[in-house]
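S.K.: Please find one structure pasted underneath; my questions will follow.
The values are calculated or read from the model by the stated rules, or taken from the named source; none is laboratory data. Nothing here was measured: the structure is a model prediction, and the numbers come from that model. With ideal geometry, Cβ positions are generated from the backbone for all residues, glycine too; neighbour counts draw on all protein chains shown.
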Amino acid sequence: MNSVVRDSTLAPSGHEKIEWVARHSPVLTRLHSEVLSDGALAGLTIGVTVPLEAKTAYLAWILQQTGAKVAVAGTAPGYVQDDVAAALAERGVLVLARSDHDDAGFQRCFEAVADLGCDLFIDDRGAFTHTVHTTRRPLLAKVRGASEQTTSGVTKLKAMAAAGALTYPVLAANDARCKQLFDNRHGTGQSALMAVLKATNLFLGGAEVVIVGYGWCGRGLARKAKGLGARVTVCEVDPVRALEAHADGFEVAPMLEAARSGQFFISSTGCRHVIDLPHLQALRDGAVLANAGGVDVEINVPALQALAIESTELRPHLVQYRLADGRRINLLAEGKLVNLAAADGHPIEIMDLTFSVQALAIHHLARHHREYPPGVHPLPAAIDERIARIKLATLGCTIDTLSAEQRAFLATWDWREPTI
């Protein structure tokens, strides 16, 4: 099978991007030499479906260097950089990804990668796992397992497991500390806000910013927006998270109430239509809508389009919808993930941690998949700790260690101090 890319002449630009990522990914680079090249992945076929930009390409290329056969499929329209796809294909990785594919085209690419007989998947939103369990079931017996990158994907895969439908083990890479605490919080917080500001060229200081959802991504968004001087309101359905947002110093309100006063709305829930028709009808003139969550349906875009009497693309990735009453609603990146569809995604140093988690997760499954029953499983803590220690070393940071006396104290239930 040959790679399917949009324009192979774009490869030089893609190579430059990948090399830039390589220079700023010390953890993944070091893990390649210390762990990944031990032969555990040699000869295996690995399917990768993660938004295809330079950081993903570097992960795929590193995996290829281990002796694995790597095939990359794009995830959805808006999440493929054609120059990076061309460069990765030139480096010998099988790439099935074009930015101009429609949803059906991306699904065909998923199926083509699955048809290679993959041993392992690095998954995003559970796309490969869903495909192989629905349209490619005869291939399930060969799959050793998968590693899932997103909150929304872990949620769906846990639902599959609860229904008895999941036939192989999945490591929840998203829930690893080196992923969740950095990628979800700091990565989303920075990259989504930067994408919003780039797409609008507006000033955030003093603006009313509404963050829908206060998981790790929402926490990061609220914190970064506040740091830029915004007045932040959080909308939540979980009472504990809402209370946490209040304790963190943010306003808390129902979405319908926040819709009447907010200027910028950023969703980060992984759920459907959290910005829905009643909210759209209440928005003030000039409101800006962006999605930083795990699914492309967080904003009810068809409802917005039905309300509008006309739409105009004012800037790249910004479409303004004018309603019958004269209000103008600005939608960024068609309601897709704004940090990927309108920018370059998370910072490299953040994805260095995330992709280190992904790489070590499938390396672990290659060696230990027989020890896991079908279902969703946490990443072993030792993997998280190894990644963190390497990252600290690259930063020139050192930390303390427990003494033998301290370890003994923590290991006993007898809290009495010894007599002297």
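S.K.: Can you confirm whether Glu405 is surrounded by 10 or more Cβ atoms within 10 Å (Cβ to Cβ) and over 30 Å from Gly14 (Cβ atoms)? Please lay out each step first, then the result.
M.R.: On the way: surrounded by 10 or more Cβ atoms within 10 Å (Cβ to Cβ): no; over 30 Å from Gly14 (Cβ atoms): yes.
For Glu405, the condition - surrounded by 10 or more Cβ atoms within 10 Å (Cβ to Cβ) and over 30 Å from Gly14 (Cβ atoms) - is not met.
S.K.: Counting residues that are outside the structural domain of Ser356 (by TED's automatic domain parsing) and under 13 Å from the mean Cα position of the chain (by Cα), which helices (runs of 4 or more DSSP H) fully inside the stretch 117-222 reach at least 3?
M.R.: Values: elements: 127-134, 151-162, 188-200.
Helices (runs of 4 or more DSSP H) meeting the threshold: 188-200.
S.K.: So, Asp183, is that one crowded, with 20+ Cβ neighbours inside 10 Å, under 29 Å from Asp124 (Cβ atoms), among the charged types (D, E, K, R) and at pLDDT 95 or above or not? So that I can check it myself, show each step before the final result.
M.R.: Values: crowded, with 20+ Cβ neighbours inside 10 Å: yes; under 29 Å from Asp124 (Cβ atoms): yes; among the charged types (D, E, K, R): yes; at pLDDT 95 or above: yes.
Taking the combined requirement at face value, the residue satisfies it.
S.K.: Sticking with this one: Under 20 Å from the mean Cα position of the chain (by Cα) and either modelled with pLDDT under 95 or surrounded by fewer than 17 Cβ atoms within 10 Å (Cβ to Cβ) (or both): is that true of Val50 in this structure? Step through it out loud before you land on a result.
M.R.: On the way: under 20 Å from the mean Cα position of the chain (by Cα): yes; either modelled with pLDDT under 95 or surrounded by fewer than 17 Cβ atoms within 10 Å (Cβ to Cβ) (or both): yes.
Considered against the rule, which asks whether it is under 20 Å from the mean Cα position of the chain (by Cα) and either modelled with pLDDT under 95 or surrounded by fewer than 17 Cβ atoms within 10 Å (Cβ to Cβ) (or both), Val50 comes out as yes.
S.K.: Taking only the stretch 212-247 into account, find how many residues are surrounded by 22 or more Cβ atoms within 10 Å (Cβ to Cβ) and either hydroxyl-bearing (Ser, Thr, Tyr) or over 19 Å from Val288 (Cβ atoms) (or both).
M.R.: 6
S.K.: Further question on the same structure: Could you run through the stretch 396-411 and say how many residues are of a type in the set (A, V, I, L, M) and in contact with a helix residue (DSSP H, G or I) (Cβ under 9 Å, 6 or more places away or on another chain)? Steps first, answer last, please.
M.R.: Kept after step one, since they are of a type in the set (A, V, I, L, M), are these residues of the stretch 396-411: 399, 402, 404, 408, 410-411.
Right, trim to in contact with a helix residue (DSSP H, G or I) (Cβ under 9 Å, 6 or more places away or on another chain) and you get 399, 402.
Of the residues in that region, 2 qualify.
S.K.: While we're looking at this one, here's another question. Does Phe250 satisfy the criteria of being buried (at least 22 other Cβ atoms within 10 Å of the Cβ) and out of contact with any helix residue (DSSP H, G or I) (no Cβ under 7 Å at 6 or more places or on another chain)?
M.R.: So Phe250 does not fit the description; no.
S.K.: Separate question: For Leu379, are the conditions met, namely being farther than 30 Å from Ile275 by Cβ and loosely packed, with under 15 Cβ neighbours inside 10 Å? Full working, then the answer.
M.R.: Numbers: farther than 30 Å from Ile275 by Cβ: yes; loosely packed, with under 15 Cβ neighbours inside 10 Å: no.
No, not satisfied.
S.K.: Quick check: anything in the stretch 92-99 among the small types (Gly, Ala, Ser), under 30 Å from Thr9 (Cα atoms), surrounded by fewer than 24 Cβ atoms within 10 Å (Cβ to Cβ) and under 20 Å from the mean Cα position of the chain (by Cα)?
M.R.: We begin by selecting, within the stretch 92-99, every residue among the small types (Gly, Ala, Ser); these are 92, 97, 99.
Narrowing further to those that are under 30 Å from Thr9 (Cα atoms): 92, 97, 99.
Checking the rest, the ones that are also surrounded by fewer than 24 Cβ atoms within 10 Å (Cβ to Cβ) come to 92, 99.
Add one more test, that the residue is under 20 Å from the mean Cα position of the chain (by Cα), and what stays is 99.
Among the residues of the stretch 92-99, at least one is among the small types (Gly, Ala, Ser), under 30 Å from Thr9 (Cα atoms), surrounded by fewer than 24 Cβ atoms within 10 Å (Cβ to Cβ) and under 20 Å from the mean Cα position of the chain (by Cα), which makes the answer yes.
S.K.: Looking at the stretch 96-117, I want the residues that are touching a residue at least 40 places away in the same chain (Cβ under 8 Å) and have a partner that is in a loop (DSSP other than H, G, I, E, B) and buried (at least 19 other Cβ atoms within 10 Å of the Cβ) with Cβ atoms under 6 Å, at least 6 apart or on another chain. Which pairs are those?
M.R.: Every condition considered, the pairs that remain are Ala97/Gly74.
S.K.: Just a yes or no: is a residue in the stretch 298-307 touching a residue at least 40 places away in the same chain (Cβ under 8 Å) and either part of a strand (DSSP E or B) or β-branched (Val, Ile, Thr) (or both)?
M.R.: no
S.K.: Can you name the condition, by its number, that Ile387 falls short on among (1) under 20 Å from the mean Cα position of the chain (by Cα); (2) surrounded by fewer than 17 Cβ atoms within 10 Å (Cβ to Cβ)?
M.R.: (2)
S.K.: Another question, if that's okay. Examine the stretch 58-76 for a residue that is touching a residue at least 60 places away in the same chain (Cβ under 8 Å), buried (at least 19 other Cβ atoms within 10 Å of the Cβ) and among the polar types (S, T, N, Q), and state whether such a residue exists.
M.R.: Scanning the stretch 58-76 turns up no residue that is touching a residue at least 60 places away in the same chain (Cβ under 8 Å), buried (at least 19 other Cβ atoms within 10 Å of the Cβ) and among the polar types (S, T, N, Q).
S.K.: Under 8 Å between Cβ atoms, which residue pairs at least 6 apart in sequence (or on different chains) link something in the stretch 308-324 that is touching a residue at least 24 places away in the same chain (Cβ under 8 Å) with a partner that is exposed (fewer than 11 other Cβ atoms within 10 Å of the Cβ)?
M.R.: Note: pairs meeting the criteria are Arg315/Asn201.
S.K.: Among the listed residues Leu392, Leu410, Leu379, Leu402, which satisfies the condition of being more than 27 Å from Arg125 (Cβ to Cβ) and either among the basic types (Lys, Arg) or assigned to a loop (DSSP other than H, G, I, E, B) (or both)?
M.R.: On the way: Leu392 fails: either among the basic types (Lys, Arg) or assigned to a loop (DSSP other than H, G, I, E, B) (or both); Leu410 fails: either among the basic types (Lys, Arg) or assigned to a loop (DSSP other than H, G, I, E, B) (or both); Leu379 fails: more than 27 Å from Arg125 (Cβ to Cβ).
Residue meeting the stated conditions: Leu402.
S.K.: Just to check your reading of the model, which residue among Gln107, Gln81 is crowded, with 24+ Cβ neighbours inside 10 Å, more than 20 Å from Val357 (Cβ to Cβ) and either modelled with pLDDT under 95 or not aliphatic (A, V, I, L, M) (or both)? So that I can check it myself, show each step before the final result.
M.R.: Values: Gln107 fails: crowded, with 24+ Cβ neighbours inside 10 Å.
On inspection, the qualifying residue turns out to be Gln81.
Quick grid of which residues meet (1) of a type in the set (Asp, Glu); (2) at pLDDT 95 or above; (3) outside the structural domain of Thr150 (by TED's automatic domain parsing); (4) in contact with a Phe, Trp or Tyr (Cβ under 7 Å, 6 or more places away or on another chain):
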site: Tyr321; (1), (2), (3), (4): no, yes, yes, no
site: Asp325; (1), (2), (3), (4): yes, yes, yes, no
site: Ile329; (1), (2), (3), (4): no, yes, yes, yes
site: Leu332; (1), (2), (3), (4): no, yes, yes, no
site: Lys336; (1), (2), (3), (4): no, yes, yes, no
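S.K.: Residue by residue through the stretch 260-273, note down the ones that are crowded, with 23+ Cβ neighbours inside 10 Å and either assigned to a loop (DSSP other than H, G, I, E, B) or touching a helix residue (DSSP H, G or I) at 6+ places or on another chain (Cβ under 7 Å) (or both).
M.R.: Gly262, Phe264, Ile266, Ser268, Thr269
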